[in-house]
Each structure stands twice: as C-alpha cells, then as structure tokens.
1. Scan the stretch 177-186 and tell me whether some residue there is crowded, with 23+ Cβ neighbours inside 10 Å, aliphatic (A, V, I, L, M), outside any loop (DSSP other than H, G, I, E, B) and in contact (Cβ under 8 Å) with a residue 24 or more places away in the chain.
2. Step by step: first the residues of the stretch 77-90, then only those that are more than 11 Å from residue 230 (Cβ to Cβ) and buried (at least 22 other Cβ atoms within 10 Å of the Cβ), then the one that is nearest to the chain's Cα centre (by Cα). Which residue is that?
3. Which of (1) assigned to a helix (DSSP H, G or I); (2) in contact with a helix residue (DSSP H, G or I) (Cβ under 9 Å, 6 or more places away or on another chain) is the odd one out, the single condition residue 271 does not satisfy?
4. Show the residue pairs meeting these rules: Cβ distance below 8 Å; 6+ apart or different chains; first residue within the stretch 154-171 and over 19 Å from residue 129 (Cβ atoms); second residue among the acidic types (Asp, Glu).
5. Restricting attention to the stretch 241-256, report how many residues are surrounded by fewer than 17 Cβ atoms within 10 Å (Cβ to Cβ) and at negative phi.
6. Give me the pairs: first residue in the stretch 127-143 and modelled with pLDDT of 95 or more, second residue among the aliphatic types (A, V, I, L, M) and assigned to a loop (DSSP other than H, G, I, E, B), beta-carbon distance under 7 Å, and six or more apart or on different chains, which are they?
7. So which residues in the stretch 193-213 are among the small types (Gly, Ala, Ser) and either surrounded by fewer than 20 Cβ atoms within 10 Å (Cβ to Cβ) or part of a helix (DSSP H, G or I) (or both), if there are any at all?
8. Can you run down the residue pairs with Cβ atoms below 7 Å, 6 or more apart or on separate chains, where the first is in the stretch 193-222 and under 18 Å from residue 160 (Cβ atoms) and at pLDDT below 95 and the partner is β-branched (Val, Ile, Thr) and surrounded by fewer than 24 Cβ atoms within 10 Å (Cβ to Cβ)?
Amino acid sequence: MKKNPIISILTASVLIVLACQSPLTTATATLTPATSTASATQTETPAPTLTASATLAPIIKRVLIVSFDGLRPDAIAAAPMPSLEQLMQGGAYSLRAQTTYPSLTLPAHTSMLTGECPYKHKVTWNDYIPENGIALGTDLFDLAYAAGLRTVMIVGKLKLAEVITAPESLSLFEFHPEGESVIAARAADEMRNGFGVMFVHFPTPDLQGHEFGWMSEEQFASLREADGALGVLLAGLNLNGLRETTLVIVTADHGGHDTTHGTDSLEDMTIPWVISGPGVISQELSIPIHTMDTAATAAFMLNLVRPAEWDGLPVLQAFGLPSPVRGPLVCR
C-alpha cells in the first residue's frame, strides 16, 4: 500500500506560533482528569478532513511509542526524569491523561495499542494466559503491517506476548526480562533496520512500586534508570538519522498507590502523555486524553485509516489543530 506524503497539517499561522514558541517550564503534576469521567458512554466527532489549504510540514515516516509501566505523572519531577522532562519541554504533553478501568497492565496496554476499550477488545485478564488468545479487533500493528510498514515490539513482561496483536502483524517481537538497559540497547540497535511502528516497554518502575511502594525512593531510582534508557532510544534515533521524521509518544499503562494499582482512584488512573516530533507545537495539552488516543494519533499521523470501532481519537491539538470532540468516557 502506497503511503501519501502526510500530513502534519500546519497552517501558516501555526508555523509562526511554532517558530516563536518559548520553552515550557516542566509542570508539577496534579492528579486531576481534564474532565469528569462520570459517564460510561462516549460521544465523538470524526477527525476533521484535511484541506488543500493546509501547509505541509515535515513528513512523519515512523512512530516510536514508549511505555513506562506504572509511571504516575507526579513522579516525573519527583524522581526526577530529565530525558522525559526535556521531551516535554520541546513537545506537547498532558499530566492528566486517563487509562482504562481496571487500571491493570495488560488491559491498559491492549487499549493503548488497539485504540479500543476493554469491553471491545476483551482482554480483561492481567496474567500470562496464552490460551486466552489475542485481543479482538484491528490494532495499530495490524494497520501498519498491512500498509507495508515494519512493526517492532520489545517488552520487559512476557504477558505482553501474543495478546495485543497477532504474531503475523509483527516484523519483530522480543521479550527481555533483564531490564531497561538491555531493552533500550536492543531497540536502539534495531533502529538500524528501520521501522514504521516501534513499541518499547520499560517494566521495572511497576515492579519496584509493587515491592517498595509507589513514589518510594526505590521506585524513583528505577524511574531514573528507565529515563536513562529513554535517552538511549532518542540517541538511537539521532545516530540513525531518524529523529527529524519520527513521532515519539511516551506514556504509561497506569499509575499506582501504596504497593498496588487497579482501582479507579486518580493515583491509579492518571497517566502522562507526551508527544514530540515533526509539527508538534510546544504546549501543555488542555483536552481530555485517554490511552486509546495513542493508537489513534499514531495511525492518523502515519496516514492509516482509523477503524470506525476505535474509541481513541487523534490528539490534533498537539499540532495546533482542533481536536475531535469526545464526551465523558469511562473505558472499561
């Protein structure tokens, strides 16, 4: 399938804003969602049609999605995480994005990459149970692989294997229990072979949270290590000449409190969402963002057709455009 040269739809006025934008000061997170999530129903307006008057910005050729397992937004500054903070300052971000309920690793990551709530993709378990099969529906990797893009998934938890997408939709899948340094080194090395969609998962912050507690010094240490691994990924993009045409999305599957997660508390449900790359305007995003929007944004920016059943919507505000309107949503 031939890709159209995309996108990034920036009018002349948006380009002027981008040129004049001053650096952001990293915000201190408050665990408050952008809107109430009291309703379990969703109302959405389709993504706007691109017009011929739009100014073509640098082409996005690939998307790198990085998930820090168990990262609460307020831990970014507390740890601290300088690589991620620098990415926030140069890109767009929300410290009030919301994950799915229950706020668990496997259902949440599945929603992140399928664009669907759990009641649609049906992944409601949180253990390695291969006999349960693969998520229902069409996911981001299905779309990208069918379009001729190279798809890569490198993770630190085995339970992410053969659940989110079918093996035939992945050009490469690797599981590395050794930790963030090994995961990042393999991902950065794999960039030499090119990719259309790459998903990288850092597991240790969640593991340390369960053992020592969320917002503990031990978890902060693991977040600093994972932040260093993020730096390795960004350096890999630079080394291979890919940074200028790569959209980077950094997020998390859930937060946590005490030594657990899975509830509908703000500590568990609130996640960071950071986007950086061609055409992204430096700003703190004001619209409600849900984890399913990760897949929708990646698909839209790669000129892939968003399946009608997806709950996720592209976060066009990051590019200075009106975003599709969505009503209150609890994703279960």
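The values are calculated or read from the model by the stated rules, or taken from the named source; none is laboratory data. Predicted model only: the values in this text are computed from it and were never measured. Cβ coordinates were reconstructed from backbone atoms using ideal geometry, including for glycine residues, and neighbour counts include every protein chain displayed.
1. Looking for residues that are crowded, with 23+ Cβ neighbours inside 10 Å, aliphatic (A, V, I, L, M), outside any loop (DSSP other than H, G, I, E, B) and in contact (Cβ under 8 Å) with a residue 24 or more places away in the chain, one finds at least one in the stretch 177-186, hence yes.
2. 88
3. (1)
4. Listed by first residue and then by second, the contacts come to 154/174; 154/190; 169/139; 169/142.
5. 2
6. Sorted first by the residue in the stretch 127-143, then by its partner, the pairs are 134/163; 134/166; 135/123; 135/163; 135/164; 139/164; 141/170; 143/304.
7. Selection gives 194, 209, 213.
8. As it stands, the answer is none, since no pair meets every condition given.
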